1. How large is the direction-averaged shadow of the alpha-carbon convex hull of the chain, in nm²?
2. Select from Trp49, Gly197, Tyr104 the residue farthest towards the positive end of the dipole of the chain; place +1 on Cβ of Lys and Arg, -1 on Cβ of Asp and Glu, and compute about the Cα centre.
3. Limiting things to C-alpha atoms, what are the Rg and the maximum Cα-Cα separation (Dmax) for region 5-132, in angstroms?
4. In region 5-132, what percentage of the DSSP-assigned beta bridges are antiparallel, given to the nearest 5?
5. Stretched out fully, how many nm does the piece from Asp210 to Ala31 gain, at 0.36 nm a residue minus the Cα gap?
6. Kindly express, to the nearest 10 degrees and within the range 0 to 90, the angle between helix 65-75's C-alpha long axis and the longest C-alpha principal axis of the chain.
7. For helix 134-143, report the angle its Cα long axis makes with the longest principal axis of the Cα atoms of the chain; keep it between 0 and 90° and round to the nearest 10°.
8. What does the net charge come to around Gln203 if you take all other residues with beta carbon closer than 14 Å to its beta carbon, with K and R at +1 and D and E at -1?
Amino acid sequence: MKMESKVLIVDDHPIVRRGLRALLEGQSWVAHILEAQTAGEAVRIALTWQADVVVMDIRLPDGNGIDATRRILKSVPHARILMLTMTDDESTVLNALRAGARGYVHKDCPPDMLVDALRTVAGGGVVLGPTIGRQVSVMLGRALVELPPPLNTLTGRERDILVRLAAGEDNARIARGIGVSEKTIRNQVSLIYTKLGVSDRVQAALMARDAGLAAD
């Protein structure tokens with residue numbers, strides 16, 4: 001860990017930013033505390049100040065924290081990003097980690113736990129908050145492995161949908177879990193079938209399980 005880290009707090013609520021600043025001001029490893037309330041500001045400030053650690057919300061007025069994470073890491077690859085949000089569905093967590101986030105913590109976590117999580121991320125570690133759960137850990141471990149053809153043609157979102165499909169979830173439940181419409185899921189499931197060369201859920205689920213992608 002850098003002994004003196006520049007920490008960027010990204011959240012559109014001033015009270016949240018103020019509270020995080022108060023938590024961090026007494027930390028010996030924190031040299032400067034920066035603030036941004038939009039994704040665009042976060043990217044600009046992170047690049048200008050070469051932020052070492054970023055506390056990132058998911059929902060921002062001009063976009064989302066996952067896209068902002070990708071943009072920051074493209075310009076500031078040494079930055080360590082911790083997602084701090086009220087959103088903890090499995091697909092969002094996986095997408096955030098795939099984007100390069102080093103941790104994912106719920107806003108309801110105790111202040112001491114949050115400071116410890118930031119210190120861990122600043123030191124190069126990875127943190128998943130206690131509410132994230134075992135299923136995400138299982139899915140993450142399996143979703144990031146190199147998959148054989150044709151499974152390797154799936155996008156990250158399509159892979160997530162296939163995992164849920166293989167676990168027996170119907171379109172409505174998958175849509176709720178990912179945060180999109182049921183029609184969108186139907187279209188994506190059809191595209192998954194086409195990519196995999198299968199005609200139904202059973203065949204798709206069997207292919208996913210044979211490759212070790214489906215959760216136990």
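1. On the way: hull surface 47.5 nm².
Averaged projected hull area, Cα only: 11.9 nm².
2. Positive-end residue among those listed: Gly197.
3. When restricted to Cα atoms, region 5-132 yields Rg and Dmax of 12.7, 35 Å.
4. Values: 2 of 22 bridges.
Percent antiparallel among DSSP bridges in region 5-132 is about 10.
5. Values: separation 179, 0.36 × 179 = 64.44 nm, distance 4.99 nm.
Result: 59.5 nm gained on full extension.
6. Helix 65-75 and the main axis of the chain meet at about 70 degrees.
7. 70 degrees
8. Values: positive: Lys195, Arg201, Arg209; negative: Asp200, Asp210.
Computed value for this residue: +1.
No value in this document is a laboratory result; all are computed from the given coordinates. This one's a predicted model, so the numbers in the text were calculated from it and none came from an experiment. Glycine also receives a Cβ, built like all others from the backbone with ideal geometry; neighbour counts cover every protein chain displayed.
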